Every structure is written in structure tokens, then in C-alpha cells.
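Each remark here refers to the structure printed beneath this line.
What follows draws every value from the coordinates through simple rules; no lab data is involved. What you see is a predicted model; the values in this text were computed from it and never measured. A quick note on method: Cβ atoms are made from the backbone with ideal geometry, for glycine too, and the neighbour counts reach across all protein chains shown.
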Amino acid sequence: MKLKYEDSVLEKIVDFFWYKCNLWRVKNALTTDIPNFFKNIYRFRRELYSHQWWDYHFTLEMLHRSLSIMVVKLETDGIEMDSSRMKKVEMIKRVVTLIKHKLDDDYIGRAELELGPLVMHDWEFEEIEDRPDLFRLVDRDTPAEKKHNAKIFKRSKAIEEQEWKEIWDSIKGSKLSKSWENYDGTDMRGWWD
């Protein structure tokens, strides 16, 4: 005698409504997707509050926040082997730091640490002879001070360009990131757990 289990009519009806009518999607939306949506609104609240369409600065803020969340979770909760996971973590931390420098625009201050402070004088105005209602800014910088300030600005631009290139090289990946034997942590496509 062969015993065989058959679905009851009620089970078949439930299966029909559950799978054929996509009720499982409704349940998934209510239990997972909608709570995740509100959690993400809270996580990105500062970035969403100040986001505008017209500048890349806001896009960098979103990328900075997203990578900051990712690196913490990858470092603490990651299940990948430490040998490759920690390379990713260090590279993501470096990219987060570089993006933070770009968002803060602190390159002149960092160039001043290397070359000395900018020479700045208080603003002084003088009247224009033939137009007494207009004033002109008086330039009090000596040629040596102008040269020093130009070196600081040039160095700050060089730091900015170097770090900007490093951000995108890290995200794009190097030749070493193409093989797992020599993986160096670059290539954003591998930054997952």
C-alpha cells in the first residue's frame, strides 16, 4: 500500500492566493521594505535635508555617509576571512577620509601646515580720485608675500588633485584587485560581505 500526502483544498487555495496573487510581496513590503525605507531616511537624514541636484558636493555627502555605514558593519559584522576583509575595511576608511577632506575643503589649511601660514593683511580701501563715491581695495602684499601665498595655493591644489585621483583609483580598482591572491582592497565592486 502506497501512502501519499495530498494538499487539502484549503491549502491549495492558500497557495494560490499566496503565490499566484503575490501576497508574499505584500507581506515582504510590510515587514521588510517599508521599515528599511524609514530606517534609511533616518540614517541619511542630514544628507537628505541638505541635498540639492545642482552640485556634486551633495552626491559626495551621500557616498561618504553610505561608505561610513558600510565600513562599520563590514568591520564588526563581516563574515569574510580577515585577510581580505580587513584590506577592504582599510581601503574604505581611506576613501571615507579622502571624501571628508573634499567635503571640508581643508586643502589650504593642510598646505599651510607644510609651508607656513598665508600672509594676510586687514582690508584697506582708498577713494578713487575722479569718483569720490567709489572705493578701491589697497594691495599691501609685498612680492615675497605674494610668492609665498601663491606657493601655498599651488600646493593646496596639488594635494586636492592627488587625493581626488586616489579616491577614484580606489573605487575603480587596480590591477592587483583583479586576482584574489594579490588583492589590495581596491575596486568598489568587491566591497561587500
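Only Lys, Arg, Asp and Glu carry charge here, each on its Cβ (+1 for the first two, -1 for the last two); on that basis the chain has a dipole of about 1380 debye about its Cα centre. Between Lys146 and Ser50, the C-beta separation translates, for a Förster distance of 35 Å, into a calculated FRET efficiency of about 0.45.
Output the relative contact order of the stretch 8-110, whole-number percent, from Cα pairs under 8 angstrom with separation of 6+ residues.
19
Add +1 for every Lys or Arg and -1 for every Asp or Glu among the other residues with Cβ under 9 Å from the Cβ of Arg85, and state the total. After counting each charged neighbour, the total is -2. Bridging of Lys146 to aspartates and glutamates at a Cα separation below 20 Å is possible for Glu112, Glu114, Asp122, Glu124, once same-chain residues fewer than 8 apart are set aside. Projecting the Cα atoms of Tyr183, Ala144, Ile171 onto the charge dipole of the chain (Cβ charges, centred on the Cα centre) puts Tyr183 farthest toward the positive pole.
State the extension gain, in nm to one decimal, for the chain segment bounded by Asn182 and Asp122, taking 0.36 nm per residue of separation less the distance between their alpha-carbons.
Numbers: separation 60, 0.36 × 60 = 21.60 nm, distance 5.53 nm.
The span from Asn182 to Asp122 would gain 16.1 nm if fully extended.
Between Val26, Phe153, Phe37, the Cα set farthest toward the positive side of the dipole of the chain (charges on each charged residue's Cβ, about the Cα centre) is that of Val26.
Show me the three semi-axes of the equivalent ellipsoid for the chain, from the C-alpha gyration tensor (sqrt of 5 times each eigenvalue), largest first, rounded to whole Å.
Values: eigenvalues 678, 134, 27 Å².
Sorted largest first and rounded, they come to 58, 26, 12 Å.
Look at the alpha carbon pairs under 8 Å that are at least 6 residues apart: their mean separation over the length of the chain gives a relative contact order of 18 percent.
Quick one, could you list the DSSP H helices from the chain stretching 30 Å or more along their long axis (Cα atoms) with average Kyte-Doolittle hydropathy of -1.0 or above?
Span-like helices, by this rule, are 56-77, 82-104.
Full extension of the chain between Leu30 and Met86 yields a length gain of 16.6 nm, computed as 0.36 nm times the residue separation minus the alpha carbon distance.
Where only DSSP H runs of four or more residues are counted, the chain gives -19000 deg cm²/dmol as its mean residue ellipticity at 222 nm, each run worth -39500 (n - 2.57). Looking at the stretch 20-111, the chymotrypsin sites (Phe, Trp or Tyr not before Pro) that sit in a DSSP loop and have at most 15 other Cβ atoms within 10 Å of their own Cβ are Trp53, Trp54.
If you take every residue apart from His121 with its C-beta less than 13 Å away from the C-beta of His121, what net charge results, scoring Lys and Arg +1 and Asp and Glu -1?
Cβ neighbours under 13 Å give a net charge of -3.
With a simple spin-label model that places each label point 7 Å from the Cα along the Cα-to-Cβ direction, the separation between Phe153 and Asp105 comes to 1.4 nm.
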